[in-house]
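A short reminder: the numbers here are calculations on the coordinates, not readings from a lab. The structure displayed is predicted, hence computed values, not measured ones. Note that each Cβ is placed from the backbone with ideal geometry, even for glycine, and that neighbours are counted across all protein chains shown.
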Amino acid sequence: MPEITPAASGLPEQGGTDAWRGGVKPGDVETVQAAIDVLDGQSGKRGLSRLLPFMGPAFIACVAYIDPGNFATNIQAGSQFGYTLLWVVFAANAMALLIQALSAKLGIATGTNLAEHCRNQYPKPVVWMMWAVMELVAMATDLAEFLGAAIGFNLLFGMPLWIAGIVTAIVTFLILGLEARGFRKIEAIIGALVGVIAVSYLLETWFSPPDWKAVAFHAITPRFDGKESILLATGILGATVMPHVIFLHSALTQNRIVTRDPRRARRLFRFELIDVTIAMGLAGLVNAAMLVMAATTFFKTGHTQVGSIEEAHRTLEPLLGSASSWVFAISLLASGLSSASVGTMAGQVVMQGFLQKRIPIWVRRGVTMAPSLLVIALGLDPTRTLILSQVVLSFGLPFALIPLIMFTRRNDLMGGLVNHRFTTAATVLIAAVIIALNFYLLHQIFFGN
């Protein structure tokens, strides 16, 4: 697919977007031009139409926050502990919003993504170690996403899991193929799948109205209920604040709309911050709806041992009707397909950023799907595997969070978009909470009663 340079497309080389790294693909020319007009104050558009050229990167990133790993952790948390862990969902989402904003800002301010900064700033042994950790995280991520989509096909069409896995791989390749036509195409299909998930859980909430007073109380009241609740809380955290998408978001913004002018860069970041707020807010509400649905439907009816996605699907039909179980399966399938595509994109960013090596998407897809196929072949419990994969992600978070904090606080890298001291302090506190929770979890697992 040929790329359009400013000269070839008629787009300006100077002004707010004087750096066109890699050119603009034909499918994106209109979007980029519209963004330039807004940044330069030449657009007559108002309201939502003014925001649309900047909307997209955060919606790709937010898919990682509503992937099948979230289904597994939220269903178990809600069915076993009711609304008790709802506060974890909202706290994790607040953390995610701040972290994704910093990641987007890093790409906008420097034109370099987080993995590339790590490669440029750290000694080679550290870079290799970080790459190895992130590759393990990518495999754990892909495990959840691939299994989720396969389970979705299985629940909807009765396919054996191994056939559903092959179909998942094929559909994922087709979605990723849209990337060759420009960023807007893949943003559109991913955004549509996010919409399917959101509408599905809106319907699920309508099928089984929750106790809104209890929801409000537990949304703001931190508490645990034993070692298993801590394990699930860590899984929720790992499934929500995901390390691979921290690397991805900085790559999504680094070349999308580019400007060297500090004033326009700040204006661009304000638009991207709206994108992040809307996308992460939507993801947070979907996560909360997952847990609330499980608490209302299963916990309150005495079905506290609903321990798998498949069992949740089977139990929904006699409790709420066949329509509810179909909606649940459709949302799971949309989640698995979209997040599997995004996970593959993130894996490519990590490998290319740390090692300056780019491998074909089909090779990347094959390597990361291998653990998922192994789980299917061995007959392991898919839902328990999903939850454990989310705990692995939580342990990988410091390797993404600490570099992000270090780079975004540096004036020589960020210029006018450098973190405010309060922002840095808040992000440091988030990283400290995540690390402390992980160590507490280890202590409970190995030494707790």
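So what's the projected area for region 199-261, the Cα convex hull averaged over all directions, in nm²?
8.1 nm²
Rg to Rh for region 54-447: what is it, with Cα atoms only and Rh by Kirkwood?
0.95
Return GLU30, GLU135, GLU272, GLU116 ranked ascending by Cβ neighbour count within 10 Å, so the fewest neighbours appear first.
The most exposed by this proxy come first: GLU30, GLU135, GLU116, GLU272.
In region 137-229, which chymotrypsin sites (Phe, Trp or Tyr not before Pro) are in a loop and have at most 12 other Cβ atoms within 10 Å, using DSSP for the loop call?
none
If you rank ILE246, ILE257, ILE163 by fewest surrounding Cβ atoms within 10 Å, what's the result?
The fewest-first ordering by Cβ neighbours comes to ILE163, ILE257, ILE246.
What length, rounded to one decimal in nm, is gained on full extension from VAL428 through to MET406, with 0.36 nm per residue of separation minus their alpha-carbon distance?
Result for the pair: 7.0 nm of gain on full extension.
Please order HIS303, HIS218, HIS249 by the number of other Cβ within 10 Å, starting at the fewest.
HIS303, HIS218, HIS249
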